[in-house]
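Taking it in order: structure first as structure tokens, then the write-up.
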Amino acid sequence: MPPFNRLEVLILKYKPQITNILIYILLLLTLNSCVFFQKDSPLTEKEYIAGYPLSLTFTRKIEKIYIYDSNGKLIYKYEGNPILSLKLPYIVNSNIKVEFYESESNRHYINNINVIKPKIVFLLYGGADNNLDYIGNSEDYKDPLTNNLDYFFNYDINEIRNSIKKSTTPIVTIILADRQNIDDYFLFITNFNGYKELKFSTENFGYEKELSSASEDTLYKFINDFTIKDSNIIKILDIWDHGNGWKDESKTLKNEAIKPKLIVDDNGSYLKIKNIQNVLKKYKNTYNQKINMLLFDACNMMSLEIMYEFRDLTDYFVGSVYSIAAFGFYYNFFHDLDLNNLEYSLLYNLIENYRYYYSSIYPLKYISLSAVNLNEFKNIWDKLEYTNNISDTQFLYKNSDSAYVSEPTDMIDIIKLKIDNETLSNYINNAIINSIVKINGNILNNYSGIGMMFEDIFNKSLYDDYKALDFYTNYKNWIETTWKAIILENAD
């Protein structure tokens, strides 16, 4: 057997090193074609905000995408023509893994995206399938801020956009738009890593093309689908539509010849206070969490009786005793918030912006809006049945005045309630975050803006609606004796 030549000797001598080098070269070649490149990934998103639809952008074209949830379950896949962006009707509330392939090089990437939770989730339930979805043809319908002519609902959306753009607080806003003159849709807005918004059809999220915002099922599905089930996140539900207090609360038939109230759609359906109460109760019982704030951008929804219906279902309540102009809230309250006291500062700003708008931008002689901490009302609920007097008979709201439109009865401000010679004002003032009451152009700083039925309706059909409230059920003896006697003695 001939001896080894020099080359063979060298190969035998350095065989381990040569083997490692070959393996390394093969590894490089493999990585170049199909193994993930984290550093050079074309995916621009490294983190994402919870509650916002998944939207991915790439710096190079991608042809295959696989998305996995935090448990490794495949939740979406795309295998098609090369794309540079992907917008999905899928709400991301936990970390995800994105696996994808470049279209030209076929390079393979796996990126993990961390989901960041917002401080606030703002749900606007827009019941505009009625005469509020209207573009007028006169100066009276122009936006007082921009002098543009548009739908009333669009004015409010633009105000939300402008305020969120200026906010440093991480916010996700979800708008359900039940429209009359255009197709219904969902609009998502956030200020996370810069201002963003996405618009989807209702069918993209499993709703009917034509929404019925007057449906209890629709309202529950909306808050169930789009809230983040985390008690550290402030959850706000703003109901935008017509309102009429507790009127028609006892009515049961859809097609009764009654004035539709609260949430109204084009079929004349309406959503009663009891329906909204059922929705918030179901949400609380299911998740052991409350919707933190309940706002009514709707007429005549602030009264002691209505607040009582939601006393255990939300922490904060906002509404007006009076009719709210078609321009609605001034949605300029999402910026300049106190991060150490977000709830208080947002609600305080809401009232201040309302005060400013209807005093300086679009002046009105009669306005009210109050933000109340319902958790501070426990003493008032406990003491109410001992109330046996009032300080005076000046009305907060009186239907005989042409400036008042649709509150079911005359109302007195609860700041006037007394137990013997002691007023309840200290308890009430402690519960009010901010309020504005203007009657005939005069601001009344000593008023709470919280009304209470103060009219002889005891032998009228309207009394049936009042009796349909939990408030009446639990205070029946006091209402039928003490309060009735005070009303009959003092009311017109």
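None of the figures in this text is laboratory data; all of them are computed from the coordinates on show. Keep in mind that what you see is a predicted model, and the values were worked out from it rather than measured. Because the Cβ atoms are built from the backbone with ideal geometry, glycine has one as well, and the counts that use them run over all protein chains shown.
Restricting to Cα pairs below 8 Å that are 6+ residues apart, what does the relative contact order work out to for the chain? Please round to a whole percent.
Relative CO of the chain lands at 11 percent.
Taking the Cα centre of the chain as the origin and placing charges on Cβ (Lys, Arg +1; Asp, Glu -1), which of Ser231, Asn148, Asn490 is farthest toward the positive end of the dipole?
Working it through, the farthest residue towards the positive pole turns out to be Ser231.
Suppose we look only past 18 Å in the calculated P(r) of region 150-251. What percent of the Cα-Cα pairs does that tail hold?
Value for region 150-251: 56 percent of Cα pairs lie more than 18 Å apart.
Could you work out how much longer the chain between Lys229 and Asn71 gets when fully extended? Use 0.36 nm per residue separation minus the Cα distance between them, nm to one decimal.
Between Lys229 and Asn71, full extension yields an extra 55.1 nm.
With an 8 Å Cα cut-off and a minimum separation of 6 or more residues, compute the relative contact order for region 378-482 in percent.
25
Counting only the backbone N, which residues of region 280-298 are under 14 Å from the spot 7 Å out from the Cα of Leu145 toward its beta-carbon?
Inside the label zone: nothing.
Evaluate the Debye formula for region 44-173 with equal point scatterers sitting on the alpha carbons, no solvent, and hand back log10 of I(q)/I(0) at q = 0.12, 0.14, 0.15, 0.17 Å⁻¹, in q order, two decimals.
So the normalised log intensities work out to -0.66, -0.78, -0.84, -0.93.
Past the 30 angstrom mark, what percentage of all C-alpha to C-alpha distances in region 120-490 do you count?
In whole percent, the long-distance tail amounts to 35.
Regarding region 368-492, what are the three Cα extents along the principal axes, ordered largest first, in Å?
36, 35, 26
Using the charge dipole of the chain (Lys, Arg: +1 at Cβ; Asp, Glu: -1 at Cβ; taken about the Cα centre), state which of Ser94, Asn300, Ile65 has its Cα farthest towards the positive end.
Ile65
May I ask you to derive the relative contact order of region 43-199, considering only C-alpha pairs under 8 Å and at least 6 residues apart, and to give it as an integer percent?
21
Mind giving me the FRET efficiency for Asp183 and Asp456? R0 is 56 Å, r the Cβ-Cβ distance, nearest 0.05 is fine.
0.75
Within the P(r) computed for region 293-440, what percentage of the Cα pairs occupies the region above 23 Å?
Summing the P(r) tail past 23 Å for region 293-440 gives 37 percent.
For each of Trp478, Trp483, Trp240, count neighbouring Cβ atoms within 10 Å of the residue's Cβ, then give the residues from fewest to most.
Going from sparsest to densest Cβ surroundings: Trp478, Trp483, Trp240.
Roughly how many debye, to the nearest 20, is the charge dipole of the chain about its Cα centre, given +1 on each Lys and Arg Cβ, -1 on each Asp and Glu Cβ, and no other charges?
Dipole size: approximately 2400 debye.
Could you tell me which of the pairs Lys199/Lys282; Lys77/Lys199; Lys378/Lys460; Lys221/Lys378; Lys383/Lys476; Lys165/Lys199 are separated by over 23 angstrom between their Cα atoms in the structure shown?
The pairs that break the limit, which is 23 Å between Cα atoms, are Lys199/Lys282; Lys378/Lys460; Lys221/Lys378.
Add +1 for every Lys or Arg and -1 for every Asp or Glu among the other residues with Cβ under 15 Å from the Cβ of Lys64, and state the total.
Around Lys64, the surrounding residues sum to 0.
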